Amino acid sequence: CIRDSGDAAGSSAIDSVSGDDREIAGLMAGADDGGIIQVYNNIDRSAAGSRLWKSIIIDGGDAAWGGQLTEELMVYADDEVAVKGAGRIDTIITSRSACRGYWQSLKGDRRMNDPRGTYTGGKSGVDILLGDRTVMLKVARKLPPEVTFALQSDTWRRLTLNTWEWDDRTGSIWNRVTDATGRKDAFYATGVMYEQLFCMAPRKNVRIDNLSAAF
């Protein structure tokens, strides 16, 4: 799955130019229409007949949505993936900013029926009803505020070949650190693990781009 060829400095950065994957592909690679990753697991998304390998991409910055993650936008995403890919969204992954913006858009719907009672502010779990499903918005700590994913979780697989293995071809996993001066009183070990995240049906997944940060 992952071919970690490394380099002279031991970098683990992604190197898509040479074709050698040095990091696990993420949601941006699977939930894509070819704008980021054109060739996905040897499948050319630009080729004729590859429509099902293109995810539904929605421009959240369009005037219809105003850059905000709203009920209307997520219902539209669910409708689009159902019609175009026979998908069924059951997982929404978003940023804290977008989740906060969605919560803010719902606040006007709340009513205090008994003004003499107590009322607790704030928010806990934030859900949305999509047809016959209630889907909770899951917040990813490092997800940029511009992006939200609406996914069908059973189309994703984490593929693993064996387990973590230390490189012991010299008889030991330890190697001495050296530089231009010579050998040092320091050692390092190298290990390998082959993993990849794979989407079997990108057309059943949605990526919403160009959302604005909520304040």
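The values are calculated or read from the model by the stated rules, or taken from the named source; none is laboratory data. Computed from a prediction, not measured in an experiment: that's the story for all the values here. Ideal geometry is used to build each Cβ from the backbone, glycine not excepted, and the neighbour counts take in all protein chains shown. The area values use the complete protein model at the heavy-atom level, side chains included, leaving out ligands, DNA and RNA. Shrake-Rupley method; radii C 1.70, N 1.55, O 1.52, S 1.80 Å.
Answer with a single label: of (i) 14.9; (ii) 18.9; (iii) 13.7, which was calculated as mean projected area of the Cα convex hull in nm² from the structure in view? Correct label, based on the coordinates given: (ii). Of the peptides 183-194, 29-40, the order by per-residue mean of other Cβ atoms within 10 Å, starting with the highest, comes out as 29-40, 183-194. The count of lysine pairs in the chain whose Cα atoms are under 17 Å apart, excluding pairs fewer than 8 places apart on the same chain, comes to 5. Our coupling estimate for segment 186-195, obtained by passing each phi through the Karplus curve with A = 6.51, B = -1.76, C = 1.60 and θ = phi - 60°, is 8, 9, 9, 10, 10, x, 10, 8, 9, 9 Hz, Gly and Pro reported as x. Taking all protein chains together, Trp174, Trp156 sort by accessible area into Trp174, Trp156, largest first [probe 1.4 Å]. Projecting the Cα positions of Met74, Leu106, Leu151 onto the charge dipole of the chain (unit charges on Cβ atoms of Lys, Arg, Asp and Glu, taken about the Cα centre) puts Leu106 furthest along the positive direction. Per-residue surface analysis assigns Ser172 an accessible area of about 50 Å², computed on protein heavy atoms at 1.4 Å probe radius. Dipole of the chain computed with +1 at Lys/Arg Cβ and -1 at Asp/Glu Cβ about the Cα centre; of Tyr119, Ile93, Ala29, farthest Cα towards the positive end is Tyr119. Each Lys and Arg contributes +1 and each Asp and Glu -1, all at the Cβ; summed about the Cα centre of segment 65-174, the dipole is approximately 480 debye.
Label reach from Ile43 (point 7 Å along Cα→C-beta): in segment 130-166, amide nitrogens under 17 Å belong to 151-159. Estimated from the Cβ-Cβ distance and a Förster radius of 35 angstrom, the FRET efficiency linking Lys138 and Ile173 is about 0.40.
For Tyr194, the residues whose amide H sits under 5 Å from its own are Leu161, ignoring neighbours fewer than 5 places away on the same chain, with H placed 1.01 Å from N. Shown are Lys54, Lys142, whose ranking by accessible area with a 1.4 Å probe and every protein chain present, most to least, is Lys142, Lys54. Extending 7 Å from the Cα toward the beta-carbon at both Val192 and Ala86 defines two label points whose distance is 3.9 nm. Selection among Ile208, Ala180, Ile57 by position relative to the dipole of the chain gives Ile208 as farthest towards the positive end (Cβ unit charges, Cα centre). Taking Cα atoms only, the orientation of helix 71-85 departs from the longest principal axis of the chain by about 60 degrees. Taking the 1.4 Å solvent-accessible surface of segment 31-88 as the whole, the part contributed by carbon and sulfur is 50%. Its Cα centre serving as origin, the chain has a Cβ charge dipole (Lys and Arg +1, Asp and Glu -1) of approximately 600 debye. Seen from a random direction on average, the alpha-carbon convex hull of segment 56-166 projects onto 10.9 square nanometres.
In a reduced charge model with +1 at each Lys and Arg Cβ and -1 at each Asp and Glu Cβ, segment 41-87 shows a dipole moment near 360 debye about its Cα centre.
The order of the peptides 97-108, 125-136 by mean Cβ neighbours within 10 Å, most packed first, is 97-108, 125-136.
Of the listed residues Ile57, Ile92, the order by accessible area with a 1.4 Å probe, largest first, is Ile57, Ile92.
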